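The values are calculated or read from the model by the stated rules, or taken from the named source; none is laboratory data. Everything quoted here is computed from the prediction, not taken from an experiment. Ideal geometry is used to build each Cβ from the backbone, glycine not excepted, and the neighbour counts take in all protein chains shown. SASA here: full protein model, heavy atoms, side chains in, ligands and nucleic acids out. Shrake-Rupley method; radii C 1.70, N 1.55, O 1.52, S 1.80 Å.
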Amino acid sequence: MAKQTPRTLSGFMELLPAPQRQMERIMEILRETYSLYGFTPLDTPVIESSEVLLAKGGGETEKQIYRFQKGDADLSLRFDLTVPLAKYVALHYNDLTFPFRRFQIGKVYRGERAQRGRFREFYQADIDVIGDGKLSILNEAEIPAIIYKTFSALGLKRFRIRVNNRKILNGFYASLDLSDKAGDIMRTVDKLEKIGPEKVREILTSGLGVRPESAREILDLIAITGGTEEILSALEARRGRNEVFDQGLEELRTVVKHLGAFGVPAENFAVDLTIARGLDYYTGTVYETVLLDHPEIGSVCSGGRYDNLAEYYTDKQLPGVGISIGLTRLFYVLGEQGMLNPELPTAPADVLILPMTEDLSAAIAFATELRASGIRAQLHCEEKKFKQKISYADKLGIPYVIFLGEDEIQSGVVACKDMATGEQTKLDPKATIYRIKAGLDARNQGFVVRG
């Protein structure tokens with residue numbers, strides 16, 4: 001039989017054990033942080049009926065989706081976690097308690113061209129709050145606090161949560177009689193940093209047929225910068241032209257008002273009128289989070305308010321607000337930038353036990369005692385030379401090695417070597433466990449990300 005050359009498909013990430021442990025640690029931190037805010041874990045199927053996933057799809061979504069037939073069934077791999085959430089809430093509406101707060105960390109699939117840092121299979125980490133009929137604006141004010149807590153728990157410091165409100169933009173364009181061109185205008189404005197204001201003006205007037213005076217007002221709006229209060233004051237000067245604009249301004253003021261109480265420092269937050277997000281999706285507050293030292297990465301966490309989550313599955317009004325972290329891409333970028341902390345342990349075990357006698361009873365009993373104390377223990381019972389066994393522990397980064405020979409068993413002690421310092425002790429089992437735990441606590445200090 002001909003041998004197949006093993007390979008990983010382009011656009012799919014396959015990690016070695018040490019970086020996989022780093023990824024798992026990040027996911028653990030996200031789960032712990034989301035749980036602090038009362039979110040419940042959820043897991044939806046990777047495969048759904050194509051008609052369910054594509055209810056709101058079309059265009060680019062249909063081009064990118066992984067779709068296949070199995071018998072008579074038309075099936076697709078999920079391309080995000082939000083559409084399956086919409087189906088889930090509509091399906092289980094009578095069994096859920098609202099507001100429904102869920103988090104999900106799972107793989108999604110998009111058949112787009114694989115690029116550096118862009119994947120076809122990748123993890124997303126989402127949180128959403130779903131209301132029944134209505135949803136308080138305070139949920140939108142709490143989201144920046146969750147973003148701040150999450151990134152701080154990872155060890156990131158220099159990041160900024162940028163916030164806008166789609167109603168401000170929609171109302172502004174309506175006041176200029178440009179609602180039918182709002183999508184194209186916002187896509188053009190989104191290119192401002194790349195092509196500059198004059199080129200944006202040219203596209204608006206020549207390409208989209210926007211009147212010169214309206215183009216000037218658009219550029220004046222997005223040119224509003226400064227501190228949060230300066231921006232809000234500049235927006236106040238435009239109040240009264242459009243009801244939707246005024247409502248968006250009130251919502252933005254409410255979000256800003258409560259940030260301090262929610263624990264978000266001023267330096268980690270900014271109002272940014274250029275942010276639009278999902279042009280046919282978000283209806284209120286929108287968020288983007290950027291790493292200040294790596295603006296080239298773009299947004300590492302984004303989301304916003306939406307009012308028609310499940311309109312394709314139910315007539316019930318189920319408004320929501322949520323954010324999503326592209327976890328695989330973020331992990332790739334952090335690794336590429338050297339920001340993952342190499343000092344944190346990535347070993348599969350805390351202790352490697354080397355039995356030195358034919359009778360393994362004592363070694364097995366001590367491994368059981370270690371595990372009962374919450375210490376990850378591995379027995380090495382292979383017929384290898386002693387030097388090879390030590391090398392095994394060293395290569396895996398296992399911090400402690402236990403030797404149990406006849407002398408130790410008879411004396412009721414355990415020989416324990418600290419692989420980092422080379423120090424070796426002979427103590428009774430309880431004292432050894434205490435020493436190992438103290439050492440592990442010290443080793444686990446620090447954040448998974450540097451910076």
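Just need a number here: residues in region 159-174 that are in a helix (DSSP H, G or I) and under 19 Å from residue 302 (Cβ atoms). Total satisfying the criteria: 5.
Filtering region 94-115 to residues that are polar (S, T, N, Q) and in contact (Cβ under 8 Å) with a residue 24 or more places away in the chain leaves only 104. Going residue by residue through region 122-145, is there one that turns out to be touching a Ser or Thr at 6+ places or on another chain (Cβ under 9 Å), hydroxyl-bearing (Ser, Thr, Tyr), closer than 23 Å to residue 28 by Cα and open to solvent by less than 30 Å² (accessible area, probe 1.4 Å)? For region 122-145, residues touching a Ser or Thr at 6+ places or on another chain (Cβ under 9 Å), hydroxyl-bearing (Ser, Thr, Tyr), closer than 23 Å to residue 28 by Cα and open to solvent by less than 30 Å² (accessible area, probe 1.4 Å): absent.
Only a single criterion out of (1) in contact (Cβ under 8 Å) with a residue 40 or more places away in the chain; (2) in contact with a Leu (Cβ under 9 Å, 6 or more places away or on another chain) is not satisfied by residue 181, namely (1). Residues in region 381-412 that are over 15 Å from residue 355 (Cβ atoms) and hydrophobic (A, V, I, L, M, F, W, C): 396, 398.
When residues in region 1-17 are screened for being touching a residue at least 24 places away in the same chain (Cβ under 8 Å) and touching a helix residue (DSSP H, G or I) at 6+ places or on another chain (Cβ under 9 Å), 2 of them pass.
Which members of region 1-32 meet the condition of being part of a helix (DSSP H, G or I) and among the aromatic types (Phe, Trp, Tyr)? Those that are part of a helix (DSSP H, G or I) and among the aromatic types (Phe, Trp, Tyr): none in region 1-32. Residue 195 satisfies every condition listed in (1) modelled with pLDDT under 90; (2) among the β-branched types (Val, Ile, Thr); (3) touching a helix residue (DSSP H, G or I) at 6+ places or on another chain (Cβ under 7 Å) except (3).
Would you confirm, using the coordinates I've provided, whether residue 156 is part of a loop (DSSP other than H, G, I, E, B) and either under 27 Å from the mean Cα position of the chain (by Cα) or in contact (Cβ under 8 Å) with a residue 60 or more places away in the chain (or both)? It is true that residue 156 is part of a loop (DSSP other than H, G, I, E, B) and either under 27 Å from the mean Cα position of the chain (by Cα) or in contact (Cβ under 8 Å) with a residue 60 or more places away in the chain (or both). Tallying residues that are outside any strand (DSSP E or B) and either under 27 Å from residue 100 (Cβ atoms) or open to solvent by 70 Å² or more (accessible area, probe 1.4 Å) (or both) within region 308-342 yields 18.
The residues of region 375-423 that are assigned to a loop (DSSP other than H, G, I, E, B) and either buried (at least 19 other Cβ atoms within 10 Å of the Cβ) or among the aromatic types (Phe, Trp, Tyr) (or both), listed by number, are 380, 398, 399. Of all the numbered requirements in (1) open to solvent by less than 40 Å² (accessible area, probe 1.4 Å); (2) of a type outside the set (Lys, Arg); (3) without any contact (Cβ under 8 Å) to a residue 24 or more places away in the chain, residue 53 misses one, and that requirement is (3). The residues of region 36-50 that are open to solvent by 50 Å² or more (accessible area, probe 1.4 Å) and free of Cβ contacts under 8 Å to residues at least 40 places away in the same chain, listed by number, are 45, 47. Could you go through region 120-141 and let me know if any residue there is among the hydrophobic types (A, V, I, L, M, F, W, C), under 20 Å from the mean Cα position of the chain (by Cα) and assigned to a helix (DSSP H, G or I). Within region 120-141, one or more residues are among the hydrophobic types (A, V, I, L, M, F, W, C), under 20 Å from the mean Cα position of the chain (by Cα) and assigned to a helix (DSSP H, G or I).
The single condition from (1) open to solvent by 30 Å² or more (accessible area, probe 1.4 Å); (2) farther than 21 Å from residue 120 by Cβ; (3) under 22 Å from the mean Cα position of the chain (by Cα) that residue 71 fails is (3). Looking at region 175-250, the helices (runs of 4 or more DSSP H) lying wholly inside it that each contain 2 or more residues that are open to solvent by less than 50 Å² (accessible area, probe 1.4 Å) and closer than 23 Å to residue 270 by Cα sit at 182-189, 212-222, 228-236. Count of region 308-328 residues, restricted to those that are at pLDDT below 90 and touching a Gly at 6+ places or on another chain (Cβ under 8 Å), is 1.
Against the numbered list (1) among the basic types (Lys, Arg); (2) touching a residue at least 24 places away in the same chain (Cβ under 8 Å); (3) surrounded by fewer than 21 Cβ atoms within 10 Å (Cβ to Cβ), residue 305 comes up short only at (3). Checked against the criterion of being of a type outside the set (Ser, Thr, Tyr), crowded, with 16+ Cβ neighbours inside 10 Å, outside any helix (DSSP H, G or I) and modelled with pLDDT of 90 or more, region 294-302 has at least one qualifying residue.
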